[in-house]
Amino acid sequence: MNEGIKAWYKECIVYQIYPMSFCDSNGDGIGDLPGIISKLDYIKDLGADVIWLSPCYQSSNKDNGYDISDYYKIAQQYGTMDDFDELLRKAHDKGLKIVMDLVVNHTSDEHAWFTESRKSRDNPYRDYYIWKDGKGGGAPNNWGSLFGGSAWEYDEKTDMYYLHIFSTKQPDLNWENEKVRNEVYKMMRWWLDKGIDGFRMDAISFISKTPAFEDGKVTDGLYGDLSPFCMHGPKIHEYLREMNQKVLSKYDILTVGEVSGSTVEDALKYAGEGRNELQMAFQFEHVDRKNGIYGKWTDEKIGLAELKNIFTKWQKELEGKGWNCLFWGNHDQPRAVSRFGDDSPEYREVSAKMLATCLYMMKGTPYIFQGEELGMTNAYFERLEDYRDIETIQCYDKLVNRQGLSPQKAMSFIKFTGRDNARTPMQWSGGKNGGFTNGIPWIKVNPNCTEINAESQLKNEKSVYQYYRRLFRLKHSERASIYGVYDLILPEDKKIYAYTRKLDGEILLVVCNFTKDDAAYRLPDELRIRAWIPLINNYDDYEPGKLQPYQAVVLKAGAE
Ligand code: ISL
Ligand code: CA
């Protein structure tokens with residue numbers, strides 16, 4: 001056998017739930033745990049094996065739960081710890097695992113550690129966070145927060161500044177402090193002993209900071225870039241190995257780190273086989289595309305050639321050494337079909353199915369974000385008042401008021417790239433509020449819920465949802481789609497993304513048309529001698545050598 005090291009985390013499909021926007025059971029307009037419990041069968045039927053639950057801990061809720069004020073409590077808006085225990089039990093009964101978000105680069109400023117820490121310079125919790133004296137009447141250095149503004153917040157009480165890579169409500173923990181690390185490990189054990197099945201580690205590449213705290217290079221015309229000093233910092237791997245040795249290695253769990261800004265080399269350090277750190281690392285090359293001084297904000301689609309280069313590099317360079325995470329979207333990203341496909345009424349369904357085929361047949365664990373399986377689209381809200389995301393709101397201000405961008409262009413960037421595109425409520429039905437809530441939703445439901453919703457797609461054999469089901473069944477049943485070696489074919493083709501997966505003499509061939517034109521292709525000679533049997537196809541018909549607009553087909557080699 002040629003499968004390499006087998007593991008359950010390599011064979012599963014992960015479904016991400018963003019609790020605020022998933023399902024509201026009590027009419028307060030906010031998704032909750034009982035709501036999730038009521039949809040477990042839906043997730044199971046789709047063919048997912050694991051749920052990644054974005055934070056549902058007690059929170060100051062300025063960054064929708066990524067600002068945790070108590071790691072041991074469930075946020076009131078989501079329910080109680082009893083609800084959580086019921087969710088875990090019922091999920092397990094159905095054979096679904098639950099992976100929790102671990103947010104330990106920072107806490108909320110309302111966390112008890114921080115309220116203590118800010119009381120005095122000699123408080124026992126002072127060193128739980130990163131405090132520095134100001135310089136020349138201003139912040140300790142020129143670093144900018146990723147959410148806009150300075151990365152330092154002045155605190156009058158003790159006349160010092162604290163570091164926050166994200167919002168001012170999210171002070172960074174001081175990982176140099178062994179007490180902090182031990183508190184984190186203790187908390188992780190507590191959740192694992194409860195029976196959860198792993199962690200997705202938020203912003204984990206930021207936990208170790210270069211101690212000099214020097215100014216960064218100004219790249220947005222305003223602030224210094226903190227990434228070279230805070231991303232993949234000097235002690236990051238020391239910490240992760242310690243965490244692995246003290247906690248992770250003691251449990252049979254899934255571990256995945258959010259390591260934005262990482263190259264293949266970086267990712268192999270976090271998640272290479274035998275590194276004893278994490279199992280998988282999310283890389284962001286296909287989604288984190290920098291647009292000069294505007295950073296992540298853009299309204300331009302990535303080209304097919306670039307996508308091929310990025311995915312092929314990751315597929316080839318992790319081969320036998322590490323394991324890929326396959327994702328088009330998450331709660332921080334716009335909707336897959338709007339960003340990478342074509343969300344016009346004519347091509348939305350077929351291009352959504354094509355995208356899923358192209359990515360999830362690659363080598364790696366698929367992570368799909370709630371609603372993606374329906375082909376949900378970007379929000380396209382016209383007015384800033386309709387957006388809720390702290391990053392979007394703060395960055396609009398920065399783009400328009402400090403960087404001089406026109407309001408029209410800023411809105412165009414937000415419509416294309418903003419995080420709220422992912423966060424509009426799950427569209428369960430075509431009824432009131434898309435069936436998400438009986439009350440007033442915390443963020444508007446996309447009006448296209450009348451066309452795009454789970455209820456109608458469950459009944460329709462040709463829906464995006466039903467296609468995802470079939471695709472996941474295929475992924476589970478074809479070993480070559482899990483462990484097979486990836487090779488790009490037709491590399492120069494401007495319309496088609498095509499590749500093979502080979503395992504023990506079996507060959508799968510995946511051909512996807514990324515355009516709304518017909519596309520013809522000729523297989524390389526060594527593949528032409530085979531008879532090809534279609535396993536899945538997003539059209540009713542398939543003609544060898546020809547693809548219809550956004551057509552995707554997976555074929556299996558028959559006898560030579
Ligand atoms: O640094 C980035 C781009 O260069 C970002 O992609 C960064 O990795 C990302 O913003 C981190 O996201 C995570 O932590 C945030 C939270 O708001 C996001 O929702 C979460 O996914 C702070 O906890
Ligand atoms: Ca609710």
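Things worth noting here:
Yes or no, residue by residue, for (1) away from ligand 1 (no atom under 16 Å from the Cβ); (2) out of contact with any Gly (no Cβ under 7 Å at 6 or more places or on another chain):
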position	(1), (2)
78	yes, yes
111	no, yes
129	no, yes
132	yes, yes
135	yes, yes
141	yes, no
148	no, yes
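- Test for residue 332: is it more than 25 Å from residue 63 (Cα to Cα), more than 16 Å from ligand 2 (Cβ to nearest atom) and part of a loop (DSSP other than H, G, I, E, B): no
- Test: residue 193 is free of Cβ contacts under 8 Å to residues at least 60 places away in the same chain, more than 16 Å from ligand 2 (Cβ to nearest atom) and under 27 Å from the mean Cα position of the chain (by Cα): yes
Residue-by-condition table, conditions (1) of a type in the set (A, V, I, L, M); (2) surrounded by fewer than 21 Cβ atoms within 10 Å (Cβ to Cβ):
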| position | (1), (2) |
| --- | --- |
| 303 | no, yes |
| 312 | no, yes |
| 348 | no, no |
| 356 | yes, no |
| 379 | yes, no |
| 385 | no, yes |
| 389 | no, no |
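- Identity of the residue in the stretch 264-301, free of Cβ contacts under 8 Å to residues at least 60 places away in the same chain and of a type in the set (Gly, Ala, Ser), that ends up surrounded by the most Cβ atoms within 10 Å (Cβ to Cβ): 281
- Among residues of the stretch 461-483, those that are over 22 Å from residue 370 (Cα atoms) and out of contact with any helix residue (DSSP H, G or I) (no Cβ under 6 Å at 6 or more places or on another chain), counted: 5
- Of the helices (runs of 4 or more DSSP H) entirely within the stretch 353-433, those holding at least 2 residues that are among the polar types (S, T, N, Q) and within 21 Å of residue 294 (Cβ to Cβ) occupy 390-397, 407-417.
- Residue tally, condition more than 16 Å from ligand 1 (Cβ to nearest atom), farther than 30 Å from residue 361 by Cα and assigned to a loop (DSSP other than H, G, I, E, B), over the stretch 1-59: 8
- The residues in the stretch 269-308 that are in a strand (DSSP E or B) and either away from ligand 1 (no atom under 16 Å from the Cβ) or more than 27 Å from residue 499 (Cβ to Cβ) (or both) can be counted, and the count is 1.
- Of the strands (runs of 3 or more DSSP E) entirely within the stretch 123-212, those holding at least 2 residues that are of a type in the set (Phe, Trp, Tyr) and in contact with an Asp or Glu (Cβ under 7 Å, 6 or more places away or on another chain) occupy 160-163.
All of the numbers you see were taken from the coordinates with simple rules; none came from a lab. Note that the structure is a prediction, hence the values are computed from the model and not measured. Heads up, the Cβs are rebuilt from the backbone with ideal geometry, glycines too, and the neighbour counts pull from every protein chain shown.
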